[in-house]
1. For labels at residue 69 and residue 247 in the simple 7 Å Cα→Cβ model, what's the distance in nm?
2. Would you mind working out the accessible area per residue for the range 164-268, using a 1.4 Å probe, and quoting it in Å²?
3. In the structure shown, do any of 223/261; 177/261; 177/245; 98/192; 177/251 have a Cα-Cα gap over 31 Å, and if so which?
4. Residues with amide H under 5 Å of residue 252's amide H, sequence separation 5 or more or different chain, H placed in the peptide plane at 1.01 Å from N; which?
5. Roughly to the nearest percent, how much of the accessible area of the range 44-134 is carbon and sulfur, given a 1.4 Å probe?
6. Count the net charge of all other residues whose Cβ sits under 11 Å from the Cβ of residue 201, scoring Lys and Arg as +1 and Asp and Glu as -1.
7. If we count every other residue with Cβ under 14 angstrom of residue 64's Cβ, Lys/Arg +1 and Asp/Glu -1, where does the sum land?
8. Let me check the size of the range 190-233 from its C-alpha atoms; what are the radius of gyration and Dmax in Å?
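The values are calculated or read from the model by the stated rules, or taken from the named source; none is laboratory data. A quick note: this is a predicted structure, and the numbers were derived from the prediction, not measured. Backbone-built Cβ (ideal geometry, glycine too); neighbour counts: all protein chains shown. Surface accessibility is based on the protein's heavy atoms, side chains included, excluding ligands, DNA and RNA. Shrake-Rupley method; radii C 1.70, N 1.55, O 1.52, S 1.80 Å.
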Amino acid sequence: MRLRRNVWNCALGATFALSLVACGGGQSSTSTESAAPAAPAGAQKVDPATTGSVKGAVTLDGMAPMNAAIKMNADPKCLTFNKTPQFQETYEVGDDGKSLANVFVYVKDGLGNYVYDPPTDMPRINQENCRYHPHVFGMRVGQSLEIVNSDDTLHNIHAQPKGNTEFNNGQPIKGMKMTHTFTSPEIMVPFKCDVHGWMNAYVGVLNHPYFAVTGKDGKFELKDLPPGTYTIEAWHEKSGTQETKVTIGPKESKDVAFTFKPVAAATN
């Protein structure tokens with residue numbers, strides 16, 4: 001079985017490499033471009049003199065399940081990249097055992113007809129040491145996502161959205177890059193690698209800039225919000241979603257909290 005898979009990997013890598021040579025280069029760049037949507041009737045810009053924020057923390061009510069161990073034997077190069085045992089990132093918690101990382105927090109409702117300047121940065125998902133980095137992140141509709149292979153082995157990135165266009169691109173050469181643009185909001189778009197089944201990641205795609213991902217301290221902050229009443233949602237890949245409503249006035253900051261119940265993680 002291992003021999004057959006390695007042969008398949010080599011054949012697939014050769015096919016991609018030949019395609020690149022035929023196209024005259026070692027860099028791959030594909031994108032889905034879309035025109036900027038027309039501003040809705042009555043649209044208004046956010047007044048920075050009145051903005052506030054919503055901040056808080058996400059915790060786990062109970063002991064975090066043990067993350068599944070990753071078996072990288074199918075690709076010997078992945079074993080050489082990782083000298084220590086590797087585990088999935090399903091439940092990443094802080095030193096206190098309760099603060100929950102990799103939770104995507106965003107404004108789900110309440111923004112009305114505001115319009116925003118287009119983002120100037122380019123988010124990136126990097127295939128390094130046979131893992132996706134970051135595991136959870138956010139970006140805007142119409143923003144270019146840079147996809148990079150930093151490993152000297154074949155990877156592919158297979159996005160499986162429900163509201164956007166699915167794509168599946170191979171990157172057999174270290175240093176290869178491509179870009180992709182999502183055209184519709186979607187919470188969340190999963191990524192997987194068809195070559196290395198343990199590799200997975202998630203992106204939240206929004207038409208506004210009010211989102212954050214918690215670190216191991218469980219904290220988040222949604223900055224520069226105009227005054228209003230909002231539904232804030234927190235998403236976790238295994239424990240699901242939670243919502244809360246919050247009202248902020250001009251220059252006001254409000255704290256909210258989310259508490260998730262642990263769910264046993266699936267084994268790899």
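1. Each label point is offset 7 Å from its Cα along the Cβ direction, giving 5.4 nm.
2. Details: 4620 Å² over 105 residues.
Dividing the accessible area of the range 164-268 by its residue count gives 44 Å².
3. Working: 223/261 27 Å; 177/261 38 Å; 177/245 40 Å; 98/192 28 Å; 177/251 41 Å.
Distance filter (> 31 Å) returns 177/261; 177/245; 177/251.
4. Here 52, 53 satisfy the definition.
5. On the way: 2550 of 4770 Å².
So the carbon and sulfur contribution to the accessible surface is 54 percent.
6. On the way: positive: 131, 192; negative: 89, 237.
Combined, the nearby Lys, Arg, Asp and Glu give 0.
7. Numbers: positive: 98, 216, 238, 261; negative: 61, 89, 92, 95, 96, 237.
It works out to a net charge of -2.
8. Final numbers for Rg and Dmax: 15.0, 47 Å.
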